[in-house]
1. Could you run the Karplus curve 6.51 cos²θ - 1.76 cosθ + 1.60 with θ = phi - 60° over region 119-127 and give me ³J(HN,Hα) per residue in whole Hz, x for Gly and Pro?
2. Using every alpha carbon pair in region 29-74, what percent of pairs falls into each 5 Å bin from 0 up to the bin containing the largest distance?
3. At 222 nm, what helix-only mean residue ellipticity would the chain give, in deg cm²/dmol to the nearest 500, using -39500 (n - 2.57) for each DSSP H run of four or more?
4. Amide H of N216: which non-local residues (sequence gap of 5 or more, or other chain) have their own amide H closer than 5 Å, using H built in the peptide plane?
5. May I ask you to sort L141, L52 by Cβ crowding, counting other Cβ atoms within 10 Å and putting the fewest first?
6. Would you mind checking which residues have amide H under 5 Å from G228's amide H? H placed 1.01 Å from N; only 5 or more apart, or other chain.
7. Report the dimensions of region 1-102 along its three principal axes from the alpha-carbon atoms, largest first, rounded to Å.
8. Two decimals, Cα atoms only, Kirkwood Rh: what is Rg/Rh over region 165-250?
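Just so it is clear, none of the values below were taken in a lab; they were calculated from the coordinates. Nothing here was measured: the structure is a model prediction, and the numbers come from that model. No Cβ is skipped: glycine too gets one built from the backbone with ideal geometry, and neighbour counts run over all protein chains shown.
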Amino acid sequence: MTNKYIYFVANWKMFGNIKSLNSLDKVIKFSKHNKNNKFKLIYCPPYTLLNLFFEKLKNTNIDVGGQNCHFLEKDGPHTGSINSKMLKNIGAKYVIIGHSENRSLGETNSIINKKIKSSIKSNLKVIFCFGETLKQKRKKLTQKILSQQINAAFKNIKNTNNVLFAYEPVWSIGTGVIPRNNDLENNIRFIKRTIKKRLKLKKPKVLYGGSVSPKNISKLKEINDLDGFLIGGSSQNSNKFIDIVKKTFN
Ligand code: PGA
């Protein structure tokens with residue numbers, strides 16, 4: 001997989017403060033020294049840090065993205081929310097949509113569909129998260145669920161060129177448990193086939209997320225056809241994040 005262009009998305013979730021900005025220095029230095037490598041680093045910090053991250057990273061080749069947005073594109077009376085236009089306005093290039101931590105709070109496929117539409121309209125690149133729960137996996141429903149999630153999220157959406165598809169088995173997020181290589185490879189193949197067929201996308205970019213760490217990256221990088229990683233916990237520590245990138249290419 002190292003001959004390809006690989007995405008590394010740092011999803012900071014509800015972590016980080018002003019001091020965390022200093023931790024970017026190491027990553028900026030690393031990325032400058034490795035300009036020729038085929039990878040893209042994307043930071044998705046909490047909203048409170050988004051513009052500060054953008055300012056700090058604007059002369060580098062590292063991009064920033066939001067972790068979510070409201071489904072309405074227009075401004076309006078929605079206390080505590082931000083929309084895709086606002087993200088774009090402060091320098092975000094990407095937005096994570098459909099994360100299981102939001103799905104578990106009641107975000108439905110139809111809301112996700114609206115959020116994706118609004119983000120595409122605002123010219124953001126969408127990092128679409130989807131994946132089965134442990135219960136669904138045990139019932140052998142994984143592929144059925146994945147295809148349902150993809151179909152529902154992209155209903156009536158024609159242009160999916162700027163979407164990164166992040167497969168995140170819910171049982172793998174934050175647990176330290178990753179899928180067996182065989183299972184993961186089968187699911188990635190199934191996902192690519194489904195996207196090609198349903199969304200008529202010739203070369204879909206599919207990432208894996210769920211407990212990616214410097215310890216398991218050597219195993220995960222063996223998966224054929226993977227285009228990158230969505231990294232939660234390990235991305236908040238610059239050394240670990242850099243280690244993951246380095247080991248992917250070694
Ligand atoms: P994790 O999170 O790497 O901490 O498991 C991944 C994610 O939720 O995107």
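1. Taking θ as phi minus 60°, the curve returns 5, 5, 4, 7, 6, 9, 8, 9, 9 Hz for region 119-127.
2. In order of increasing distance, the bins hold 5, 20, 24, 19, 16, 9, 3, 4, 0 percent.
3. Numbers: 10 runs with 96 residues, N = 250.
Calculated mean residue ellipticity at 222 nm is -11000 deg cm²/dmol.
4. Correct list: empty.
5. Values: L141 14, L52 17.
Ascending Cβ contact count within 10 Å gives the list L141, L52.
6. Result for G228 returns Y7, Y208.
7. Rounded to whole Å, the extents work out to 46, 31, 24 Å.
8. Details: Rg = 13.0 Å, Rh = 13.3 Å.
Checking Rg against Rh, the ratio lands at 0.98.
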